Amino acid sequence: MKKIKFIVILSILFLIYIFFSAYSYVSAISDNMYNSVFRLHVIANSDSDEDQNLKYIVRDNLINYMNEKTNTFTSKEDIIEYAKNHIEDLKNIAEMTVKEQGYNYPVTVEIGNFEFPTKTYGDISFPAGNYDALRVKIGNANGRNWWCVMFPPLCFVDVSTGIVPETSKEELKENLSDENYNLVSQSDNYDVKLKLKILELFEQSGLITAKK
């Protein structure tokens, strides 16, 4: 009986150790990951082909504007500050695009901290969590959404190939810790997928929340 009790106690201690190790890992990752990224999030009016196509046109016009105005910026804070100071310009661009395409949908543009599921952008994956983002809602905003990373600037690349260019990855690497960069840039690795899942589980449980 003493041996069984010893094994039970040892097992419980081992599980506690695993839990706190995972907690420490997720906490360390979340501090850097969520605070280093600024995302663009565009939500379509509906899932109809027309509304989805409109979403992409709005996206392109907003990205072109931000790329022209902020392509020399070197920090997330600078991009957010610019977006806040020109939020009416961003809204006007989106509204004008909608009208030019023959629709009368209202448009909402806001900057905040929003929840995102695990997402893949080309061969880069970002774990679920709360990220700072520029969110654009078109009409009822009931359709499929589109997202990218505005800083580091991954929005401004062609993802049709499913590969993010090395130059963009270098900028991403400069703004993330080595652990975080390895986590997001090796989406085909089983160990990385497991780590992403651990992050997602902790986020969903509410035990870890993004720190601003």
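Structure above, values below:
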| item | result |
| --- | --- |
| Test: Ile79 is touching a residue at least 12 places away in the same chain (Cβ under 8 Å), farther than 13 Å from His41 by Cα and more than 11 Å from the chain's Cα centre (by Cα) | yes |
| Some residue of region 42-51 being at pLDDT below 90 and either closer than 22 Å to Asn113 by Cβ or of a type in the set (Lys, Arg) (or both) | no |
| Any pair with Cβ under 7 angstrom, 6 or more apart, that starts in region 118-136 at a residue that is closer than 25 Å to Ala94 by Cβ and ends at one that is of a type in the set (Asp, Glu) and surrounded by fewer than 18 Cβ atoms within 10 Å (Cβ to Cβ) | Asn130/Glu115; Arg135/Glu110 |
| Some residue of region 143-156 being more than 17 Å from the chain's Cα centre (by Cα) and at pLDDT 60 or above | yes |
| Complete set of residues in region 61-103 that are among the acidic types (Asp, Glu), closer than 20 Å to Met150 by Cα and modelled with pLDDT of 90 or more | Glu77, Asp78, Glu81, Glu88, Asp89 |
| Condition check for Asp51: touching a residue at least 60 places away in the same chain (Cβ under 8 Å) and over 22 Å from the mean Cα position of the chain (by Cα) | yes |
| Residue within region 41-54 that is in a helix (DSSP H, G or I), polar (S, T, N, Q) and surrounded by fewer than 20 Cβ atoms within 10 Å (Cβ to Cβ) present | yes |
| Qualifying residues in region 104-142 (those that are modelled with pLDDT of 85 or more and aliphatic (A, V, I, L, M)) - the one farthest from Met66 (Cα to Cα) | Ala141 |
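The values are calculated or read from the model by the stated rules, or taken from the named source; none is laboratory data. Since we're looking at a predicted model, the values are computed, not measured. Please note: Cβ atoms are built from the backbone with ideal geometry, for glycine as well, and neighbour counts cover all protein chains shown.
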